[in-house]
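The values are calculated or read from the model by the stated rules, or taken from the named source; none is laboratory data. From a predicted model like this one, the values you see are computed outputs, not experimental measurements. Counting neighbours? That spans all protein chains shown, and the Cβs are built from the backbone with ideal geometry, glycine included. Calculation scope for accessible area: heavy atoms of the full protein, side chains included, ligands and nucleic acids excluded. Shrake-Rupley method; radii C 1.70, N 1.55, O 1.52, S 1.80 Å.
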Amino acid sequence: MKIKSKFHPDKNGYYGQFGGAFIPELLYPNVKELEDNYIQIIQSDEFQEEYKALLKDYVGRPSPLYLAKRLSEKYGAFIYLKREDLNHTGAHKVNNTIGQILVAKKLGKTKIIAETGAGQHGVATATVCALMGLDCTVFMGEKDIERQAPNVARMKMLGAKVVPATSGSKTLKDATNEAIRYWIQHPETFYLIGSVVGPHPYPDMVARLQAVISEEIKWQLKEKTGKENPDTIIACVGGGSNAAGAFYHYMDDEEVELIAVEASGLGVNSGESAATSQLGDVGIIHGSKTILMQDEYGQIIEPYSISAGLDYPGVGPLHAYLFDSKRATFMDATDKEALNAAYELTKIEGIIPALESAHALAVLSKIKFKKDQVVVVNLSGRGDKDLSTYIKHLED
Ligand SMILES: *Cc1c(COP(=O)(O)O)cnc(C)c1O
């Protein structure tokens, strides 16, 4: 048995003061059913066999750990890229949706609901529902449906029903509200959440499913350098799932520096930002107590980032705890810094990163590395979806 980490939640789902399950009474049986079963399901041989086989043959794992030579030369460190961009569907999100769909099946659920902002989690969910022949409904803000037409088309082609959320600002938080409302009315459905957010046990379940990222980094790095620990791991944070996966097996090794990068949009104090740890304070969002951007009345402040996946007004409770306890260092990158980092990686390594991942790359130029420092950057996704943004700004 593994020694319990202080970065795992307690039995009520708290990481320090963050987490818990703040949900309407009517959802209690659903969440309780999941809470009572998820660890046992995930740890069962049957689950592990099926999960690992799908990750290997369907997703294409292990994703490579690539020593980026020219990038390393430029920044004077050994920089390895964890290539989540090479996964089926183009990002880390599928690690989680594959895992949760198997949990849903073990619980006997046949209908899946999800919410999505930019559509990446919606596509990853629709994909695994097609794979398993399960009914899929995705809630999406009306404004996002207009902005993200290619992902809407993908979801529809994959057989999902896309339901527009027409309330409020017609974006992600409204889609989440709609999904929760639907869940209350249809408790037989399984709510497949896309990041380490939401009521307990979702943050812990999603972190465990993304932990495959750091599990692989350990043996891959050992193979390449003789040591399983890097000096530094860098990952971008929207809700925090790719960072949770990249950090997971290193959280207790205090000598491994963890760097979480938030999107600061047009600048941290510009009013157009998503740098939650710098701008937020403690409150409740999506059923958990965490750090979020809110006004003096507790109303959520609309976040902004050029990258749709980082455009989220909170962080998951694990990250709130990593921030509060100072276990992780939080940094930020603006739109412009992320764009420049994306153009740079493309030019010198031939890899077009997702805009989200480009935020992680953008802090390389802000850190003073020691000689021979070993750094892993989690390249959470590929940039195909961001091409029109890249092309538009190339002329600026
Ligand atoms: C969704 C997404 C993110 C942000 O989500 P996290 O839960 O913070 O990982 C980051 N990178 C890519 C490529 C994404 O699609």
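A few points about this structure:
- Qualifying residue in the range 315-328 (condition: at pLDDT 95 or above, open to solvent by less than 40 Å² (accessible area, probe 1.4 Å) and closer than 24 Å to Ser72 by Cα): yes
- Qualifying position, being outside any strand (DSSP E or B) and either of a type in the set (Val, Ile, Thr) or touching a residue at least 12 places away in the same chain (Cβ under 8 Å) (or both), among Thr346, Thr290, Thr329: Thr346
- Inclusion of Phe369 among residues that are closer than 29 Å to Lys224 by Cα, modelled with pLDDT of 95 or more and touching a Phe, Trp or Tyr at 6+ places or on another chain (Cβ under 7 Å) is warranted.
- Subset of the range 230-264 [part of a loop (DSSP other than H, G, I, E, B), in contact (Cβ under 8 Å) with a residue 60 or more places away in the chain and either over 17 Å from the mean Cα position of the chain (by Cα) or farther than 22 Å from Val94 by Cβ (or both)]: Pro230, Asp231, Met251, Asp252, Glu254, Ser264
- Condition met for Lys347 (at pLDDT below 95 and open to solvent by 10 Å² or more (accessible area, probe 1.4 Å)): no
- Residue in the range 268-284 that is buried (at least 20 other Cβ atoms within 10 Å of the Cβ), within 16 Å of the ligand (Cβ to nearest atom) and either assigned by TED's automatic domain parsing to the domain that holds Leu27 or in a strand (DSSP E or B) (or both) present: no
- Within the range 378-396, the residues that satisfy the criterion of being more than 12 Å from the ligand (Cβ to nearest atom) and open to solvent by less than 70 Å² (accessible area, probe 1.4 Å) are Thr389, Tyr390, His393.
- Qualifying positions in the range 117-145 - farther than 12 Å from Ala308 by Cβ, touching a Pro at 6+ places or on another chain (Cβ under 9 Å) and part of a strand (DSSP E or B): Phe139
- Count of the range 349-383 residues which are of a type in the set (D, E, K, R) and part of a loop (DSSP other than H, G, I, E, B): 4
- The set of residues from the range 286-305 being surrounded by fewer than 24 Cβ atoms within 10 Å (Cβ to Cβ), on the phi < 0 side of the Ramachandran plot, modelled with pLDDT under 95 and not charged (D, E, K, R) comprises Tyr297, Gln299, Ile300, Ile301, Tyr304.
- The range 153-191, residues that are closer than 15 Å to Thr125 by Cα and part of a strand (DSSP E or B): Lys161, Val162, Val163, Phe190, Tyr191
Conditions (1) surrounded by fewer than 21 Cβ atoms within 10 Å (Cβ to Cβ); (2) over 17 Å from the mean Cα position of the chain (by Cα); (3) without any contact (Cβ under 8 Å) to a residue 60 or more places away in the chain, marked per residue:
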| residue | (1), (2), (3) |
| --- | --- |
| Lys156 | yes, yes, yes |
| Gly159 | yes, yes, yes |
| Ala165 | no, yes, yes |
| Arg181 | yes, yes, yes |
| Phe190 | no, yes, no |
| Ile193 | no, no, no |
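- Test: residue in the range 124-141 that is within 16 Å of the ligand (Cβ to nearest atom), more than 19 Å from Pro313 (Cα to Cα), of a type outside the set (Ser, Thr, Tyr) and open to solvent by 30 Å² or more (accessible area, probe 1.4 Å): no
- Residue within the range 200-208 that is crowded, with 24+ Cβ neighbours inside 10 Å and not in a helix (DSSP H, G or I) present: yes
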